[in-house]
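The values are calculated or read from the model by the stated rules, or taken from the named source; none is laboratory data. As the structure is a prediction and not an experimental result, all values here were calculated from the model. Positions of Cβ are generated from backbone atoms using ideal geometry, with glycine treated the same way; all protein chains shown enter the neighbour counts. Accessible surface is based on the protein model in full, side chains and every heavy atom, while ligands, DNA and RNA are left aside. Shrake-Rupley method; radii C 1.70, N 1.55, O 1.52, S 1.80 Å.
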2 protein chains.
Amino acid sequence: MELQLQIKMNEALFLRNPEQTELGKKILMHSIQLIYKNGFETFTFKKLAKDIGTTEAGIYRYFENKHRLLLYLVAWYWSWLEYQISFHTNNINDPLIRLKMVIKLLATTVKDDEKTSYVNESLLHQIVISEGSKAYLTKHVSEDNRHHFFKPYKDLCAVIGDLISECNPKYKYPKSLASTIIEMAHFQNFFMNNLPSLTDFGINKDEAKIISFLDDLVFSSINKI
Amino acid sequence: MELQLQIKMNEALFLRNPEQTELGKKILMHSIQLIYKNGFETFTFKKLAKDIGTTEAGIYRYFENKHRLLLYLVAWYWSWLEYQISFHTNNINDPLIRLKMVIKLLATTVKDDEKTSYVNESLLHQIVISEGSKAYLTKHVSEDNRHHFFKPYKDLCAVIGDLISECNPKYKYPKSLASTIIEMAHFQNFFMNNLPSLTDFGINKDEAKIISFLDDLVFSSINKI
DNA sequence: TTATTAATGATAGTATTACTATCATTAATA
DNA sequence: TATTAATGATAGTAATACTATCATTAATAA
């Protein structure tokens, strides 16, 4: 069985749909590799063009600028993750077990998904950890929000928030707890690998411990009477 | 009584000590204003120089580049906050009350501190909320860490972690919980003001609710048996 | 008092970044 | 066969991120 997964992206994110052409797919594939390797700050369209074997102008036909490309990649990731969550929590009735699964999916290193040929989810996951917050930590966050560029992130947060409310309808901060889980799944990973003294996982760098921490955090909060 | 507060900064952060000259103090004062106003991305030494009435080269004599200046400002902020914490928790014996005070100090909008003439803590607090993570979310985080540029942040985290352990010696994740509190005090504030659907405080934008959320999160976690 | 040093000002220059514009070529479709 | 869509090739511009040089001024030491 060979499946192909296509994620419907907000069309305002790009000038030309990168998923519909060979060059577009190359832009996605190589930008993920380059940003993963050298970070978003030093990433330029010129370097990307050289890497692909096209010209700078060629890239600009797809994305207005590198920030839009980052928004695209990050939005793609959150959409993909929401799909993963709905896939893996399907048929599980107990919301507590579903929530546990969500935490696991958020905090576990991702393997490359064969269903998406031009996106390496494993690298993209690392990019979202290191660069994801830069998507919204800008002066134009409200404008970008008006364009619905953060919809996949907000949708995911809403899904998790609803799940938390399902576990405990009386819990007062489901959305904030949801965004806390999402952010901390990534920040604790980044800290563990780069500033380990900010975590309790520095010695063996075991992501299972991040999951335990988040489980403890979440279920302590919502299991109270 | 007129006091002057001087924070001892890591000398590797600057080329020439900005606190020791008039121009240096202007650089700190005006960079805070400019970054607050336009964000770190569009902030340049050229604009800063023009704002101050000096030349670009003049700024470069103090800071190697704008990222070092950001590191300086953020490090300054965390040092200042640790001082605030030690000041406000002095004479409080109960670690639970001390921890509550810490959360309050982390999550409360800061007023300008008269004791530091050339740093507007209120604006700096907003900068740390919006730009603080960019200090370490880089490819050179390990190198910067080797230079001890994050020491004030790590020190603060250690102080809070120790306080958590004092509240409950059996709690397994004091450092991770500490970094979670610090980050979330800021992220929930940013979300509340810019992407309110990611929080439960969107309607009235009341930072007291952020404090309640963090209190609930922390004390649920550590008060278990 | 003069000599020396430290800090600043003024100016110039370079490589890179972040784009925009134009025109020719090729491939796909009508 | 004509038309359109996508790409390639090239050029150019303003801004960014620096580095270098030399003159001037202010503070301090001999």
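Values for this structure:
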quantity	calculated
Check on B:GLN20, within 13 Å of DNA strand C (Cβ to nearest atom) and more than 25 Å from B:LYS134 (Cβ to Cβ)	yes
Residues (loosely packed, with under 15 Cβ neighbours inside 10 Å, away from DNA strand C (no atom under 14 Å from the Cβ) and under 14 Å from B:LEU70 (Cβ atoms)) located in the stretch B:34-54	B:ASN38
Single condition B:ASP206 does not satisfy, out of (1) within 7 Å of another protein chain (Cβ to nearest Cβ); (2) within 16 Å of B:GLN126 (Cα to Cα); (3) out of contact with any helix residue (DSSP H, G or I) (no Cβ under 6 Å at 6 or more places or on another chain)	(1)
Residue satisfying all of: in the stretch A:12-22; surrounded by 15 or more Cβ atoms within 10 Å (Cβ to Cβ) and assigned to a helix (DSSP H, G or I); farthest from the other protein chains (Cβ to nearest Cβ) among these	A:GLU19
Among (1) outside any helix (DSSP H, G or I); (2) more than 7 Å from chain B (Cβ to nearest Cβ); (3) over 14 Å from the mean Cα position of the chain (by Cα), the one test that A:VAL119 misses	(3)
Test: residue in the stretch B:195-216 that is closer than 22 Å to A:TYR136 by Cα and in contact with a Gly (Cβ under 7 Å, 6 or more places away or on another chain)	yes
Near pairs, Cβ below 6 angstrom, 6+ apart or cross-chain, from the stretch B:23-48 (within 12 Å of chain A (Cβ to nearest Cβ)) to any residue that is open to solvent by 70 Å² or more (accessible area, probe 1.4 Å) and away from DNA strand C (no atom under 14 Å from the Cβ)	B:GLY39/A:LYS139
Selection status of B:GLY58, touching a residue at least 24 places away in the same chain (Cβ under 8 Å) and within 12 Å of DNA strand C (Cβ to nearest atom)	yes
Residue check for B:LEU99: touching a Cys at 6+ places or on another chain (Cβ under 9 Å), more than 16 Å from DNA strand D (Cβ to nearest atom) and within 22 Å of B:LYS154 (Cβ to Cβ)	yes
Enumeration of residues in the stretch B:1-11 that are loosely packed, with under 10 Cβ neighbours inside 10 Å and in a loop (DSSP other than H, G, I, E, B)	B:MET1, B:GLU2, B:LEU3, B:GLN4, B:GLN6, B:LYS8
Selected residue (only one of B:ALA107, B:ALA75, B:ALA12 is more than 16 Å from DNA strand C (Cβ to nearest atom) and touching a Pro at 6+ places or on another chain (Cβ under 6 Å))	B:ALA75
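Matching residues to (1) outside any helix (DSSP H, G or I); (2) at the interface with chain B (Cβ under 9 Å from one of its Cβ atoms):
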{"residue": "A:LEU124", "(1), (2)": "no, no"}
{"residue": "A:GLU143", "(1), (2)": "no, no"}
{"residue": "A:ALA158", "(1), (2)": "no, yes"}
{"residue": "A:LYS170", "(1), (2)": "yes, no"}
{"residue": "A:ALA185", "(1), (2)": "no, no"}
{"residue": "A:ASN189", "(1), (2)": "no, no"}
{"residue": "A:ILE210", "(1), (2)": "no, yes"}
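For every residue, the table says whether it meets (1) modelled with pLDDT under 95; (2) under 19 Å from the mean Cα position of the chain (by Cα); (3) open to solvent by less than 10 Å² (accessible area, probe 1.4 Å).
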| position | (1), (2), (3) |
| --- | --- |
| B:ASP155 | no, yes, no |
| B:ALA158 | no, yes, no |
| B:ILE164 | no, no, yes |
| B:LYS175 | no, yes, no |
| B:SER179 | no, yes, yes |
| B:ILE182 | no, yes, yes |
| B:MET192 | no, yes, yes |
| B:SER197 | no, no, no |
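For every residue, the table says whether it meets (1) within 12 Å of DNA strand D (Cβ to nearest atom); (2) open to solvent by less than 60 Å² (accessible area, probe 1.4 Å); (3) out of contact with any Cys (no Cβ under 6 Å at 6 or more places or on another chain); (4) within 16 Å of B:ILE129 (Cβ to Cβ).
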| site | (1), (2), (3), (4) |
| --- | --- |
| B:PHE63 | yes, yes, yes, no |
| B:LEU69 | yes, yes, yes, no |
| B:TRP76 | no, yes, yes, yes |
| B:ILE85 | no, yes, yes, no |
| B:ILE103 | no, yes, yes, yes |
| B:THR108 | no, yes, yes, yes |
| B:ASP113 | no, yes, yes, no |
